[in-house]
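Structure in structure tokens, see below.
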Amino acid sequence: MTDERPGARRAPSARPEGWRERLRRPGTITVVALVLIAVQVAFRTWAVSGSHFLVDDYIFLSAIARDEDDLDWYLRIHQGHFMPLSFVLVKLVSFAPAFSWAAVTVEIAVLQALASLAAWWMLRTVFGNRPAVLGLLGVYLFAPLTLPSIMWWAVAINQLPHQIGVCIALGAHVQYLRTRKARWLALATAGLLVGLLAYTKTALVFPVLAALPLLWFTSGSLGRRIARALRTWWRAWVVYGVLAVSFLGVYLHQSVAENLNGQGGHNAELAYTFIVYTLVPSLVGGPLTWKLFAAGPISYVDPSHAVVVLSTLVTVSVVAVVWLTRRHALRALWIPALYVLASVALVIAGRSYVIALMGAREVGLHLQYLSDAAPFVVLGLGGLLLRVPGAVESSERRTQPLLTRAVPRPVIAGLVVVALVGSTVSTLRYVDPWRSDFRERVFHENALRTLESSVPLADEVVPESIMAPIFGDNALVRNYFAPVGAADDVLRAGVDLQLLDSEGNPVPARVDEEPRSARTPERCAYETSGDEPLTIEVGPVLDFPFWVQLDYSTLVGGDVAVVAGDQRFGLELEAGTHRALIRTTGGYESLTIWPADRQVLCVSAVRVGFLTAEEDAS
């Protein structure tokens, strides 16, 4: 009981706990982290929900719809990537209705949530459950660096599992360095497997894993550090070595040689552009402005000169202040440096044809090539600013700092606000083209309506502006729209066939070539009736997918047969003057037409060549 007598001394009341003290509570830190992750996932789910399928997305879904997804398909190399786990993610979406972007959105949202949770776990595992970890997490969650890993599905199924696996591997590896307990080595290996099965660049984490004990958990000369690392954690090097060699063996076995094509030139320019114009601005809220690649929706960074200069000054200033006030800190820069430099080398080796075509600077402005570096960047940033619990040498305050005056808190707060505002602006501007009616979306929606109609469509490739010819048969309408059963709705032989234009609308098709028939084309250059076949010499036709166009007229429609070499086609000719089109693939020198009973058939011209829209014919 308190003494209430006059003049009695009162017991001092307990000092109320301030917000800084409350923020340091582990429970509070956890709640704030989960709230930040929830905000990020909610925003990115909204962003992705308005996006759409693009190029590789159609290739993946169509292959599954054509029942091509056998074991070899899952284990194949696609555009230089070994990605069986990514193909499994495609398979999961294929169980939803055809071309269900809602299913894709849910999948990307789940993957993003797992990646963000893994990043938080990695940061608190390496640096401890402290308020500063929230700042590092904020960089990972909201910096524009990772934007390319969500908006394009084909990229998301590579990079998000990669980020999940890498964060788990890095955090568990640090725990193994601290404790040498087998369970942490097993968890690190599991994380590596997740990444390696989804994204080839996960292999670039191995040099970082080898560097971490040299940076933080050993001391002395480099030779002594290496010797101790080999002696102390030899089990990890054996496990990682077996995993790395096994992955390399599988990768090479899957014919990787055809995906690696040598030097692209201008390597220094490429590396400089990647770091100064692409990576650094995206870490401090940039680039603010983007430029579309072709018609979009893919964007390249396009920072102004002012943004490049200011972001570089901020980055250099932070590094300088850290060096002046802390020791053993700058070595943490090796973590992102090893990965980024290896990424540049991989782009040079695997995308030299793109560099030669577009130029090193243009390729270097493509943020997608660096967005997978996010876990390494935030880990390196944390290593600059924070001590690593249990480490022999890590970032710590100098006993006699070279900079005695602290950076004013208003300056730090102002930089944080500017970075947040810049990140928001950059993110919204990047997302906008993906949520707009870009040409692939317009083509897709109109083409589906055309397929549902009674328009006779030719089984020809989609316009080059939608899918480049290098994708071969994947660009055929029957394959591009295989998930909706387009093979039943397109024709390889028919009358007055139509093509899909660049907006997915039907337009008349024709072969834009001079007639192959020997006679001067007239109203009825070739005539036959009844059961009497008609043979027309067309000269040598190569064994290649060409279209044959028969300009004909008849008073009586009916079924006819057309033979071209070893190929036989059935056609139902309509009465009147029309254009019959047949897609041939083998070599031949003549056509033989078997008319229907009591049918008088006049053929005015025969053309062989590529199919084109009539409005584009010259």
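Taking only DSSP H segments of four or more residues, each worth -39500 (n - 2.57), what value at 222 nm results for the chain once the sum is divided by all its residues, to the nearest 500 deg cm²/dmol? Could you put the intermediate results ahead of the total?
Details: 23 runs with 300 residues, N = 618.
Taken over the chain, the calculation gives -15500 deg cm²/dmol.
Suppose every K and R has +1 on its Cβ and every D and E has -1 on its Cβ; what is the size of the dipole of the stretch 422-540 about the Cα centre, in Debye to the nearest 20? Don't skip to the answer; put the middle values down first.
Numbers: 11 positive and 22 negative charges, 112 e Å.
The calculation lands at about 540 debye.
Only counting other Cβ atoms within 10 Å, I'd like K91, K201 sorted with the fewest neighbours first. Could the numbers behind the result be given before it?
Values: K91 14, K201 24.
The most exposed by this proxy come first: K91, K201.
Please flag any cysteine in the chain that has no other cysteine's Cβ under 4.7 angstrom from its own Cβ.
C167, each lacking another Cys Cβ under 4.7 Å.
Once phi is turned into θ = phi - 60°, what whole-Hz ³J(HN,Hα) does the Karplus curve with 6.51, -1.76 and 1.60 give for every residue of the stretch 600-608, x standing for Gly and Pro?
Residue by residue, the stretch 600-608 yields 9, 10, 10, 10, 8, 6, 10, 10, 10 Hz.
Can you tell me the length gained on complete extension of the stretch A337 to D70, counting 0.36 nm per residue apart and subtracting the Cα distance?
Details: separation 267, 0.36 × 267 = 96.12 nm, distance 3.89 nm.
My answer for the length gained is 92.2 nm.
Still on this structure, I have one more. Can you list the GluC sites (Glu not before Pro) in the stretch 390-469 that are in a DSSP coil and have 11 or fewer other beta carbons within 10 angstrom?
E464
Using only Cα atoms and rounding to the nearest 10 degrees, what angle (0 to 90) does helix 182-196 make with the longest principal axis of the chain?
30
Check which residues have an amide H placed less than 5 Å from L611's amide H, if you skip close sequence neighbours.
Under 5 Å from the amide H of L611: W547.
Moving on to the next point. Got a sec to turn the phi values of the stretch 418-430 into Karplus ³J(HN,Hα) couplings, 6.51 cos²θ - 1.76 cosθ + 1.60 with θ = phi - 60°, whole Hz, x for Gly and Pro?
Each residue's phi maps through the Karplus curve to give 4, 5, 5, 5, x, 4, 5, 4, 4, 5, 5, 5, 6 Hz.
Over the stretch 322-391, calculate the relative contact order: mean separation of alpha carbon pairs under 8 Å at least 6 apart, over the residue count, as a percent.
Values: 40 pairs, mean separation 37.1, N = 70.
Averaging sequence separation for qualifying contacts and normalising by length gives 53 percent for the stretch 322-391.
Moving to a separate point now. Roughly how tilted is helix 305-325, in degrees to the nearest 10 and between 0 and 90, from the longest Cα axis of the chain?
The angle comes out near 30 degrees.
Here's something else I'd like to know. Classify the chain: rounded, prolate or oblate, from the alpha-carbon gyration tensor (a ≥ b ≥ c, eigenvalue square roots; a/c under 1.5 rounded; otherwise prolate if a/b is larger than b/c)? Please report the intermediate quantities before stating the final value.
Values: a/c = 2.89, a/b = 2.45, b/c = 1.18.
Taking the square roots of the gyration eigenvalues as a ≥ b ≥ c, the chain is prolate.
Where does helix 222-232 land angle-wise versus the long Cα axis of the chain, in degrees 0 to 90, nearest 10?
Taking the Cα atoms of the chain, the angle to 222-232 is about 80 degrees.
Please state the relative contact order of the stretch 305-448 as a whole percent: Cα pairs under 8 Å, 6+ residues apart? Walk me through the numbers on the way to the answer.
Working: 81 pairs, mean separation 44.5, N = 144.
Value for the stretch 305-448: 31 percent.
Then there is this: Taking 0.36 nm per residue of sequence separation and subtracting the Cα-Cα distance, how much length would be gained by fully extending the chain between L117 and A294, in nm to one decimal? Don't jump to the answer; show the numbers that get you there.
Details: separation 177, 0.36 × 177 = 63.72 nm, distance 3.54 nm.
In short, 60.2 nm is gained.
Compute the relative contact order of the chain as a whole-number percentage, counting only Cα pairs closer than 8 Å that sit 6 or more residues apart in sequence.
Numbers: 1072 pairs, mean separation 79.8, N = 618.
Over the chain, the number comes to 13 percent.
Tabulate in residue order the Karplus-calculated ³J(HN,Hα) for the stretch 572-585, using 6.51 cos²θ - 1.76 cosθ + 1.60 with θ = phi - 60°, rounded to whole Hz; enter x for Gly and Pro.
Listing the rounded values in order: 9, 7, 8, 5, x, 9, 9, 10, 8, 10, 9, 8, 9, 10 Hz.
By a straight-distance test (C-alpha under 30 Å), which lysines pair with K181 as possible cross-link partners, with residues fewer than eight away in the same chain excluded?
Output for K181: K201.
A short reminder: the numbers here are calculations on the coordinates, not readings from a lab. Remember, it's a predicted structure, so these values are computed and weren't measured experimentally. When we count neighbours, we look across all protein chains shown, and the Cβ atoms used for this are built from the backbone with ideal geometry, even at glycine.
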